[in-house]
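*Asks:* Shown below is the structure under consideration.
Computed from the coordinates by the stated procedures, all read-outs in this text should not be read as laboratory data. Quick caveat, the model's predicted, so the values are computed rather than measured. We place every Cβ from the backbone using ideal geometry, glycine too, and count neighbours over all the protein chains shown.
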Amino acid sequence: MANNRYGMIKSKRKFPVRRLLKVPHKEGSLIVSYPAFGENTYKENIGFMRKNYSHPKTGKKMNFVPATTSESISAINPNAEKYPELSKYTFEKFAKPQIFEESWLHAGYFVGTQDGVYVNTTDLNDRNLKGLIDKSEKVNGIYLLPNGTVEGVRDFAFAPYESFETGAQESGKFAEGGLARALEHTPEKVAKNLKEISSLKFYKKGVNVLSFEGVKEPVLRVAHLGSSWYLRGSIFDFYCSNWDDDYDEDGGYAFGVESVAD
């Protein structure tokens, strides 16, 4: 008997389809999962990234690797002024209502120590951390490791405590500080993306940076970017949690970078 069922013929994909967003990043471009993974703990979000998905255009198998802090920041603040086709994905239209008003962004890993903050590493061995600094370039008070210098290490940076301030502060001071520049992995004197985000008019109270000083042994943390609301305005937050974020019942969001599955 002939099949007389009519309607849309759905594409048969072996794995779930995950949408992708291509944004400018540093001197090139970046393809990330869209929307971000969540709302889960960071550990759970990474687990979902590693599952197999079908490419939305080709159908080929793919998965994701966790975005670095620099990649996460590029994903939430694409340069729509230069690329108008990205106008509906600006921070105000996408990340703010879908992530920051609902929860927060898991931007990536960092290690807090007695001397400062090591960004985009999970290594707790003090000797190994110092070895990464030795391979890095000191630029405007922070240390940046060029990508490709050490295999498997992306966007590593070290910001000594003397290079940035903690606590409540103005957007400009935050963006010029070593922590913001390390998070963006930029050799410039200002972290451009974080300055643009934190200086938006709804962050009337500026920026609040959690203090990490007093750490005796290297400790692994998840970098959070978020918003807090007060009676006289909101504030842009940088804070942290345990590496797996297990104590956050509602969790947060994280971007995955496209990776071709084996």
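*Asks:* Going by a ≥ b ≥ c, the root eigenvalues of the Cα gyration tensor, does the stretch 20-104 fall in the rounded group (a/c under 1.5), the prolate group (a/b larger than b/c) or the oblate group?
*Replies:* Working: a/c = 1.78, a/b = 1.21, b/c = 1.46.
It is oblate, given that a/c is not under 1.5 and a/b is not larger than b/c.
*Asks:* Moving on to the next point. Output wanted: per-residue J couplings in Hz (rounded whole) for the stretch 13-18, from phi through Karplus 6.51 cos²θ - 1.76 cosθ + 1.60, θ = phi - 60°, x for Gly and Pro.
*Replies:* For the stretch 13-18, the Karplus-derived couplings read 10, 5, 10, x, 7, 10 Hz, x marking Gly and Pro.
*Asks:* While we're here: Mean-square fluctuation check for the chain, GNM, Cα pairs under 10 Å: which of GLY167, GLY148, GLY47 is largest?
*Replies:* GLY148
*Asks:* Sticking with this one: Give a residue-ordered list of calculated ³J(HN,Hα) values for the stretch 21-31 (Karplus: 6.51 cos²θ - 1.76 cosθ + 1.60, θ = phi - 60°; whole Hz; x for Gly, Pro).
*Replies:* 10, 9, 10, x, 8, 6, 8, x, 9, 8, 10
*Asks:* With +1 on the Cβ of every Lys and Arg and -1 on the Cβ of every Asp and Glu, and nothing else charged, how large is the dipole of the chain about its Cα centre, in debye rounded to the nearest 20? Let's see the in-between values first.
*Replies:* Numbers: 35 positive and 34 negative charges, 310 e Å.
The calculation lands at about 1480 debye.
*Asks:* Say the cut-off is 24 Å between C-alpha atoms; which of LYS26/LYS138; LYS189/LYS216; LYS51/LYS135 go over it?
*Replies:* Values: LYS26/LYS138 19 Å; LYS189/LYS216 29 Å; LYS51/LYS135 33 Å.
Beyond 24 Å between Cα atoms: LYS189/LYS216; LYS51/LYS135.
*Asks:* Rounded if a/c is under 1.5, else prolate if a/b beats b/c, else oblate: with a ≥ b ≥ c from the C-alpha gyration tensor eigenvalues square-rooted, which is the stretch 32-154? Walk me through the numbers before you get to the answer.
*Replies:* Details: a/c = 1.81, a/b = 1.54, b/c = 1.18.
It is prolate, given that a/c is not under 1.5 and a/b is the larger ratio.
*Asks:* In terms of Cα to Cα distance under 20 Å, which lysines are near enough to LYS201, apart from those fewer than 8 places away along the same chain?
*Replies:* Those lysines meeting the cut-off are LYS88, LYS93, LYS96, LYS173, LYS192.
*Asks:* A follow-up question, please. What whole-number distance in Å separates the alpha-carbon centres of the stretch 129-203 and the stretch 63-115?
*Replies:* Using only Cα atoms, the two centres lie 15 Å from each other.
*Asks:* From the square roots a ≥ b ≥ c of the eigenvalues of the alpha-carbon gyration tensor of the stretch 109-247, which class results: rounded (a/c under 1.5), prolate (a/b over b/c), or oblate?
*Replies:* Values: a/c = 2.06, a/b = 1.50, b/c = 1.38.
Cα axes put the stretch 109-247 in the prolate bin.
*Asks:* Using 0.36 nm times the number of residues separating THR166 and VAL219, minus their current alpha carbon distance, what extension gain do you get? Intermediate values should be presented prior to the final figure.
*Replies:* Values: separation 53, 0.36 × 53 = 19.08 nm, distance 1.79 nm.
In short, 17.3 nm is gained.
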